[in-house]
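Below is one structure, written out as structure tokens; comments come after it.
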Amino acid sequence: MSQTDTAVTGPASSPARSRWNATDLGLIAVFAALVAGAALVPGIAANVFGVPITFQTLAVMLTGLMLGPARGFAAVGLYTLLGLAGLPIFSQGRSGLGILAGPSAGYIIAFPLAAALVGWLATVVIRRTSKARALWFFLAATVTSILLVHSLGVLGMAVNSKATLGEAFLADLVFYPGDVIKNVLAAVIAVALHRAFPDLLVRRVKRIGA
């Protein structure tokens, strides 16, 4: 009898555990609002193409580090879709599909992908170590920034501003010092929040994965 019960309930319970619940949807909404709120802080136009320095990359990295790949992608993707749909939640109060024709297009496209990648790297860190987790989170955010945010950002500036890749790359370098600081902050905040609220991701990863 017990073997039959185990065979019936075991496989059926896994999809139920992996399905998003009201808490997950609430977290997605909260972190989407966090990214939107970060965009409200006035940005500083830092290069010749007018792309501003903002706190959005900090919010994007923190979202991935806290929620993992799927929910992180969903949260930042929701923010991006709402902005493209017309809500003035991009930096400097911009909105609409026209943003995709501007120099910031590559960065905006990269945000949901970056949240997914850094979220996946966060789950790897959580599974494999409990030591120096802030350092590993920082490295995960830095790798993600370089591979996705900066790479797509450079490509977007080059395509939409009719600049060469070299010119766009040089213009993007101005963002690196600020990103290092923001990645440090994201890693430290994420470690503190995971300690205070392990159910957000740590226990989830150790129990069923993310």
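Do we have any residue at all in segment 155-172 that's acidic (Asp, Glu), open to solvent by less than 80 Å² (accessible area, probe 1.4 Å), assigned to a helix (DSSP H, G or I) and more than 18 Å from ILE99 (Cβ to Cβ)? Looking through segment 155-172, none of the residues is acidic (Asp, Glu), open to solvent by less than 80 Å² (accessible area, probe 1.4 Å), assigned to a helix (DSSP H, G or I) and more than 18 Å from ILE99 (Cβ to Cβ). The residues on offer are ALA134, ALA141, ALA116, and the sole one that is of a type outside the set (Phe, Trp, Tyr), in a helix (DSSP H, G or I), in contact (Cβ under 8 Å) with a residue 40 or more places away in the chain and more than 18 Å from GLN56 (Cβ to Cβ) is ALA134.
Only one of these is surrounded by 19 or more Cβ atoms within 10 Å (Cβ to Cβ) and farther than 25 Å from PHE55 by Cβ: ARG204, ARG128. Name it. I'd like the intermediate steps shown before the answer.
Values: ARG128 fails: surrounded by 19 or more Cβ atoms within 10 Å (Cβ to Cβ).
After ruling out the rest, the residue left standing is ARG204.
Determine whether segment 66-76 contains at least one residue that is open to solvent by 70 Å² or more (accessible area, probe 1.4 Å), out of contact with any Pro (no Cβ under 8 Å at 6 or more places or on another chain) and within 27 Å of ALA122 (Cβ to Cβ). Steps first, please.
Step one: list which residues in segment 66-76 are open to solvent by 70 Å² or more (accessible area, probe 1.4 Å), which gives 73.
Checking the rest, the ones that are also out of contact with any Pro (no Cβ under 8 Å at 6 or more places or on another chain) come to none.
No - not one qualifying residue is present in segment 66-76.
Only one entry of VAL202, VAL180, VAL174 meets the criterion of being at pLDDT 95 or above and on the phi < 0 side of the Ramachandran plot, and that entry is VAL180. Out of all the residues in segment 173-189, is one or more among the basic types (Lys, Arg), closer than 30 Å to ASP24 by Cβ and surrounded by fewer than 23 Cβ atoms within 10 Å (Cβ to Cβ)? Looking through segment 173-189, none of the residues is among the basic types (Lys, Arg), closer than 30 Å to ASP24 by Cβ and surrounded by fewer than 23 Cβ atoms within 10 Å (Cβ to Cβ). Among the residues of segment 144-175, the ones that are without any contact (Cβ under 8 Å) to a residue 24 or more places away in the chain and under 28 Å from THR123 (Cβ atoms) come to 1 in all. With respect to the conditions (1) within 21 Å of the chain's Cα centre (by Cα); (2) at pLDDT below 95, SER161 falls short on a single one, namely (1).
Condition test on ILE189, is it assigned to a helix (DSSP H, G or I) and without any contact (Cβ under 8 Å) to a residue 24 or more places away in the chain? The answer is no for ILE189. Before we move on, is ILE89 open to solvent by less than 70 Å² (accessible area, probe 1.4 Å), touching a residue at least 12 places away in the same chain (Cβ under 8 Å) and assigned to a loop (DSSP other than H, G, I, E, B)? Yes; evaluated as a whole, the condition is true for this residue.
The values are calculated or read from the model by the stated rules, or taken from the named source; none is laboratory data. For clarity, every value in this text was computed on a predicted model and none was experimentally measured. Using ideal geometry, Cβ is built from the backbone for each residue, glycine included, and neighbour counts are taken over all protein chains shown. Heavy atoms of the whole protein, side chains included, go into the accessibility calculation; ligands, DNA and RNA do not. Shrake-Rupley method; radii C 1.70, N 1.55, O 1.52, S 1.80 Å.
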